[in-house]
Amino acid sequence: MELFNNSRVRRQDRLIGPEEAITLLQEGEYGVLSMQTPDAKGAYGIPINYVWDKDRSIYIHCAPVGEKLQAIDCNPNVSFTVVGKTKVKPNKFTTAYESIVIKCHAYRHLPKEEKLYALEIFMRKYCPNDIVTGRKMATKSFFRTEIVRLDIIEISGKAKRVK
């Protein structure tokens, strides 16, 4: 993936490659969306479910109003972090982990067709055995759901393997 760039990762001995990063992006259950606050005086991070379109975009869903949307409206440059498996290793005084950090540009006010597409991906990922019911719920609550597309600018990743 040409969007993959580990050149600025400090611990070059812990890098993961593009294939492992893509697997983590595909299989992760949630990510942390980090933004600048609307007043530009602080940061705001929130854990959130997501889906990846297997190309260059991540989708998140939320209510159509709120702090994250205000932050995105003020500055659409965001960071999205996915943490995979972690395991505290007390006898070694460390933690095994894997994670990716993704620089993104956030887009709101997507066309209806794109929102429906994103909701379909959400259903396939999080409730694959209830797609029919999920489609009905998506139609019923569509007006009170915001979908935000995060276009991937750059991905980096690292892991600490501890036996």
Check: Working from the pairwise distances between different alpha carbons, so that the mean of 1/r is found and then inverted, what is the chain's Kirkwood radius in Å?
Finding: 17.0 Å
Checklist line | the chain - percent relative contact order, Cα under 8 Å, separation 6 or more | finding: 31 percent
Notebook entry, point to check: What is the dipole size for the chain, taken about its Cα centre, with +1 at each Lys and Arg Cβ and -1 at each Asp and Glu Cβ, in debye to the nearest 20?
Noted result: 680 debye
Next item on the list: Per residue of the stretch 41-53, in order, report the coupling 6.51 cos²θ - 1.76 cosθ + 1.60 (Karplus, θ = phi - 60°) as ³J(HN,Hα) in whole Hz, putting x for Gly and Pro.
Entry: 9, x, 10, 9, x, 9, x, 7, 5, 8, 9, 10, 7
Check: Going by alpha carbons, how many degrees (0 to 90, nearest 10) lie between the helix axis of 131-141 and the longest principal axis of the chain?
Finding: 60 degrees
Notebook entry, point to check: Taking square-rooted eigenvalues a ≥ b ≥ c of the alpha carbon gyration tensor, is the stretch 31-117 rounded, prolate or oblate, where a/c under 1.5 means rounded and, failing that, a/b exceeding b/c means prolate?
Noted result: oblate
Notebook entry, point to check: For LYS158, which aspartates and glutamates qualify as cross-link partners when the Cα separation must be under 13 Å and same-chain residues fewer than eight apart are set aside?
Noted result: ASP13, GLU19, GLU20, GLU98
Check: Suppose R0 equals 35 Å; then what is the FRET efficiency for LYS54 and PHE142 from their Cβ-Cβ distance, rounded to the nearest 0.05?
Finding: 0.90
Check: Which pairs, out of LYS54/LYS160; LYS103/LYS125; LYS85/LYS125; LYS41/LYS115; LYS68/LYS136; LYS115/LYS136, put more than 20 Å between their alpha-carbon atoms?
Finding: LYS54/LYS160; LYS103/LYS125; LYS41/LYS115; LYS68/LYS136
Next item on the list: Please give the length that would be gained between VAL65 and ALA43 if that part of the chain were fully extended, namely 0.36 nm times their separation in residues minus their C-alpha to C-alpha distance (nm, one decimal).
Entry: 6.1 nm
Next item on the list: Using only alpha carbon pairs under 8 Å that are at least six residues apart, calculate the relative contact order of the stretch 68-163 and give it in whole percent.
Entry: 36 percent
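None of the figures in this text is laboratory data; all of them are computed from the coordinates on show. Keep in mind the model is a prediction, meaning the values are calculated, not measured. Positions of Cβ are backbone-derived with ideal geometry, glycine not excepted, and every protein chain shown enters the neighbour counts.
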